[in-house]
1. For ILE70, which sequence-distant residues (separation of 5 or more, or a different chain) have an amide H within less than 5 Å of its own amide H, given hydrogens modelled in the peptide plane?
2. Beta carbons within 10 angstrom, averaged per residue: use that to sort the peptides 65-76, 33-44, highest first.
3. Roll a 1.4 Å probe over the protein chains and send me the accessible area per residue for the chain in Å².
4. Once you keep just the Cα pairs under 8 angstrom separated by 6 or more residues, what percentage relative contact order results for the chain?
5. Could you tally the net charge around GLY48, taking each other residue with its Cβ under 12 Å from the Cβ of GLY48, Lys/Arg +1 and Asp/Glu -1?
6. In the stretch 10-27, which residues have a backbone nitrogen under 14 Å from the label point lying 7 Å from ARG105's Cα in the Cα-to-Cβ direction?
7. Calculate the dipole size of the chain relative to its Cα centre from +1 charges on Lys and Arg beta carbons and -1 charges on Asp and Glu beta carbons; express the result in debye to the nearest 20.
8. Within the chain, how many Lys pairs that are eight or more residues apart, or on different chains, come under 12 Å at the alpha-carbon?
Amino acid sequence: MMFGWLKKFRTPSISTHTLKNEYLKQKKDKYFLDVRTPSEFKMRSIPGFVNIPLNQLPAKLDKIPKNREIVVICQSGMRSSRACSLLKKSGYQVTNVSGGMGAYR
């Protein structure tokens, strides 16, 4: 693979199907983070997810455990992608839920 070195910069992502059928069933080594606004979170959320809006994330990193995989969701995947980038730079192991709540059924 010519660009193998790029892999370490890419954030792993999972589908909402994988989230529902695998990740949510094996919770103990994962921390589920929803970076939408409080009102979006209140309208519809997935049990087990903690709501820390993207704009508050830099100030609340101390609330997120470093010893677990952080699974991040938003509405469509854009904010969670930005959150993953920030978390990764801060030393967290992250996974983005592609498609976000809009794709979650």
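1. HN-HN under 5 Å from ILE70: TYR31, GLN93, VAL94, THR95.
2. On the way: 65-76: 18.7, 33-44: 17.2.
In descending order of packing, they fall as 65-76, 33-44.
3. Details: 6440 Å² over 105 residues.
Accessible area per residue, the chain: 61 Å².
4. Values: 157 pairs, mean separation 35.2, N = 105.
After rounding, I find 33 percent.
5. On the way: positive: LYS20, LYS25, LYS27, LYS28, LYS30; negative: ASP34.
Once all neighbours under 12 Å are counted, the net charge is +4.
6. Once the point is set 7 Å along Cα→Cβ of ARG105, 16-18, 20-21 turn out to lie under 14 Å by backbone N, inside the stretch 10-27.
7. On the way: 20 positive and 6 negative charges, 18 e Å.
Dipole of the chain, to the nearest 20 debye: 80 debye.
8. 4
The values are calculated or read from the model by the stated rules, or taken from the named source; none is laboratory data. Note that this is a predicted model, so its numbers are computed, not measured. Here Cβ is always computed from backbone atoms with ideal geometry, including for glycine, and neighbour counts include all displayed protein chains. Quick note on the areas: whole protein, heavy atoms, side chains included, nothing else; ligands and nucleic acids left out. Shrake-Rupley method; radii C 1.70, N 1.55, O 1.52, S 1.80 Å.
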